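A.B. asks: Mind having a look at this structure? Questions to follow.
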Amino acid sequence: MLHTVNKSPFEKNSLETCLRLIDESSSILLIEDGVYGALKNTSVSDSVINAQKTTKIYVLGPDLKARGLDKSSLISNIEVIDYKGFVNLTIENEKIQNWL
Amino acid sequence: MLFGILVNEGPYQHQASDSAYLFAKAAIEEGHKIFRVFFYHDGVNNGTRLATPPQDDRHIPNRWSELAAEHEIDLVLCVAAAQRRGMVDPDEMKRNKKDADNIAEKFRISGLGQLIEAGVQTERLITFGD
């Protein structure tokens, strides 16, 4: 199942809720302000790193760039993808949960 | 693959409509088809033809109209959400005795059943909102 999270974890707790409900069949894509959840050395990065043990985490590159960020600010092993990659994730996963 | 898209936020206020548009465009470029985009809540404001954004800014309603014309996408505004927000097509203008309509090309107004149908008919339904 693909989960998309579009809120900064410093604004809403949707990423935290999402991380609580995922399992090994889940993938998470951070979009819009959700990309802030991929940053290293924040109050949520430990829980994101912990989730990476079971779950692949992606971040939408154009949204990262629009916020003046790049791969160097991210937790390691988070994959940066474009909209084409977003489309492919929705195809690979039969079910999609969009956390708003 | 056949996609349905739900947009719950208005243009320029939130990134939802931009994300939905860029997703739709990428899906089409990858050879997929968008069956319908359903605009719900403040999302109905994406369907106005009276918007005039600055020339160096993207024209969100026109962008949807053009994409729909080119790729036969059904753009549907929720009727109850549209009535509350003054989004009017020629039929609604007559029905509610208004003096004008304001719906952009390729958009139409219909009921929530169209969202359910999009969920049933398509293989994936993606939601963009706030």
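A.B. asks: Hey, A:GLU24 hits all of (1) within 14 Å of chain B (Cβ to nearest Cβ); (2) on the phi < 0 side of the Ramachandran plot; (3) in contact (Cβ under 8 Å) with a residue 12 or more places away in the chain but one; which does it fall short on?
C.D. replies: (1)
A.B. asks: Being loosely packed, with under 15 Cβ neighbours inside 10 Å and either over 12 Å from A:TRP99 (Cα atoms) or basic (Lys, Arg) (or both) is the filter here, so list the residues in the range A:2-41 that pass it.
C.D. replies: Correct list: A:PHE10, A:GLU11, A:ARG20, A:ASP23, A:GLU24, A:SER25, A:LYS40, A:ASN41.
A.B. asks: Does A:SER43 satisfy the criteria of being away from chain B (no Cβ under 13 Å) and touching a Lys or Arg at 6+ places or on another chain (Cβ under 7 Å)?
C.D. replies: No, not satisfied.
A.B. asks: List, please: which pairs have Cβ atoms under 6 Å, are six or more places apart or on different chains, and start with a residue in the range A:45-73 that is within 14 Å of A:ARG20 (Cα to Cα) and end with one that is of a type in the set (D, E, K, R)?
C.D. replies: A:THR54/A:GLU24
A.B. asks: Sticking with this structure for a sec: Inspect all residues belonging to the range B:119-127 and state whether any of them is of a type outside the set (A, V, I, L, M, F, W, C) and buried (at least 19 other Cβ atoms within 10 Å of the Cβ).
C.D. replies: Yes: the range B:119-127 contains one or more residues that are of a type outside the set (A, V, I, L, M, F, W, C) and buried (at least 19 other Cβ atoms within 10 Å of the Cβ).
A.B. asks: Within the range B:71-114, can you find the residues that are under 18 Å from B:HIS41 (Cβ atoms) and β-branched (Val, Ile, Thr)?
C.D. replies: Passing the criteria: B:VAL76, B:VAL79, B:VAL88, B:ILE103, B:ILE109.
A.B. asks: Here's a follow-up. Can you find, within the range B:108-118, the residue that is farthest from the chain's Cα centre (by Cα) among those that are surrounded by 14 or more Cβ atoms within 10 Å (Cβ to Cβ) and not polar (S, T, N, Q)?
C.D. replies: B:GLU117
A.B. asks: Just the residues that are without any contact (Cβ under 8 Å) to a residue 60 or more places away in the chain, more than 13 Å from chain B (Cβ to nearest Cβ) and not aliphatic (A, V, I, L, M), please, taken from the range A:27-36.
C.D. replies: A:TYR36
A.B. asks: Quick check, is B:VAL44 closer than 14 Å to B:ARG124 by Cβ, away from chain A (no Cβ under 14 Å), at pLDDT 95 or above and buried (at least 18 other Cβ atoms within 10 Å of the Cβ)?
C.D. replies: Taking the combined requirement at face value, the residue does not satisfy it.
A.B. asks: Separate question: Could you tell me which residue of the range B:13-36 is nearest to the other protein chains (Cβ to nearest Cβ), considering only residues that are farther than 19 Å from A:LYS7 by Cβ and aromatic (Phe, Trp, Tyr)? If you could, list the steps in order and put the result at the bottom.
C.D. replies: If we filter the range B:13-36 for residues that are farther than 19 Å from A:LYS7 by Cβ, which is where we start, we get B:21, B:24-36.
Then drop every residue that is not aromatic (Phe, Trp, Tyr), which leaves B:21, B:35.
Values: B:TYR21: 10, B:PHE35: 14 Å.
Among them, the one singled out is B:TYR21.
A.B. asks: Quick test for you: out of B:ARG36, B:ARG58, pick the one residue that is out of contact with any strand residue (DSSP E or B) (no Cβ under 7 Å at 6 or more places or on another chain), touching a residue at least 40 places away in the same chain (Cβ under 8 Å), charged (D, E, K, R) and under 30 Å from A:LEU89 (Cα atoms).
C.D. replies: Being out of contact with any strand residue (DSSP E or B) (no Cβ under 7 Å at 6 or more places or on another chain), touching a residue at least 40 places away in the same chain (Cβ under 8 Å), charged (D, E, K, R) and under 30 Å from A:LEU89 (Cα atoms) holds for just one of B:ARG36, B:ARG58, which is B:ARG58.
A.B. asks: Collect the residues in the range B:84-107 that are under 12 Å from the mean Cα position of the chain (by Cα) and loosely packed, with under 15 Cβ neighbours inside 10 Å, keeping them in residue-number order.
C.D. replies: If the condition is that a residue be under 12 Å from the mean Cα position of the chain (by Cα) and loosely packed, with under 15 Cβ neighbours inside 10 Å, then B:GLU105 is the only one that fits.
A.B. asks: Report, by residue number, each residue of the range A:61-89 that is hydroxyl-bearing (Ser, Thr, Tyr) and within 12 Å of another protein chain (Cβ to nearest Cβ).
C.D. replies: A:TYR83
A.B. asks: Note down all Cβ pairs under 6 Å where the first residue falls in the range B:104-130 and is closer than 16 Å to B:ASN8 by Cβ, the second is modelled with pLDDT of 95 or more and among the hydroxyl-bearing types (Ser, Thr, Tyr), and they're at least six residues apart or on different chains.
C.D. replies: Matching pairs, first to second residue: B:PHE128/B:SER19.
The values are calculated or read from the model by the stated rules, or taken from the named source; none is laboratory data. Values in this document were obtained by computation on a predicted structure and should not be read as measured data. Positions of Cβ are backbone-derived with ideal geometry, glycine not excepted, and every protein chain shown enters the neighbour counts.
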